[in-house]
Amino acid sequence: MRYFTKEWYKEMQIRGFLVFPETKKDWDENVAWYKAEGRNFDKLCREELEYRKHDLLKFLPESFHSYILSGTINCQFPSAELREMAEQWRKEYDERNKLMRKEYRDNYISIKDSLHENVVQLYEKSLHDSRVRSLEMPSDDTFIMTLDCSGSYHYYTDVKLTFIGVKKLQHLDLRVGSLWLYDEVYSTEAGFDLHVLFDIPLGELIIGADNVLIEVLS
């Protein structure tokens, strides 16, 4: 990935982590809900913080570190200082993210006319949040991926992607159940390159092929 990288995705999760309840009443109601469900709110907060601690320390400036290391960044209602710091960081992040997305979109528009109509459909009918049902490689130059798109933005059923004239296929730990997150497409002399960021586990798929066939399965 050149734009929607693993590092970009991890930082985006931090952006979501820094969204706090608006009022103390909202915070208390949230804590009460967990308690009513028989769940230990403090324990869940500590576990989430431990899970994200490495990325929090990596992506957030040093002014946040005392809150991270003490556990107060998410285990108690945020102070006015923390809320202001988080709001400023989110604003700066959103500006960077907007510029990055525009840069990729401008690049895509500049190459769109050189892409096969199937490749355009592959990109423009987003497969975000679809899940891998099966993976096949019936020949050296054919790769087939079937996706469950019931939870995605388009199709809402299973879709079979058949990549033909495959020249390049790189992936780490892509498996049944992997979640399609974000994708980029690029024009090549032979056809196109597709880069996809998957989760479960987090990793990248790169396919270079002549074309792709898209079959909606009923």
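The values are calculated or read from the model by the stated rules, or taken from the named source; none is laboratory data. Small disclaimer: the values here were computed from a predicted structure and weren't measured. A quick note on method: Cβ atoms are made from the backbone with ideal geometry, for glycine too, and the neighbour counts reach across all protein chains shown.
Assorted remarks:
- In segment 6-21, residue farthest from ASN97 (Cα to Cα) [restricted to those that are touching a Phe, Trp or Tyr at 6+ places or on another chain (Cβ under 9 Å) and not in a helix (DSSP H, G or I)]: PRO21
- Residue match in segment 174-192 (condition: within 18 Å of TYR9 (Cα to Cα) and in contact with a helix residue (DSSP H, G or I) (Cβ under 6 Å, 6 or more places away or on another chain)): yes
- Among the residues of segment 68-87, those identified as in a helix (DSSP H, G or I) and surrounded by 12 or more Cβ atoms within 10 Å (Cβ to Cβ) are ILE68, LEU69, LEU82, ARG83, MET85, ALA86, GLU87.
- In segment 23-34 there is at least one residue that is over 19 Å from ALA86 (Cα atoms), assigned to a helix (DSSP H, G or I), touching a helix residue (DSSP H, G or I) at 6+ places or on another chain (Cβ under 9 Å) and of a type in the set (Ser, Thr, Tyr).
- For segment 88-139, the set of residues classified as of a type in the set (Lys, Arg) and not in a helix (DSSP H, G or I) consists of LYS125, ARG131, ARG133, listed by residue number.
- Strands (runs of 3 or more DSSP E) within segment 140-218 that include 3 or more residues surrounded by 14 or more Cβ atoms within 10 Å (Cβ to Cβ) and modelled with pLDDT of 95 or more: 142-148, 158-164, 179-187, 192-199, 203-209, 211-217
- Considering segment 1-55, the residues that are over 26 Å from GLU184 (Cβ atoms) and in contact (Cβ under 8 Å) with a residue 60 or more places away in the chain include one that is farthest from the chain's Cα centre (by Cα), namely PHE20.
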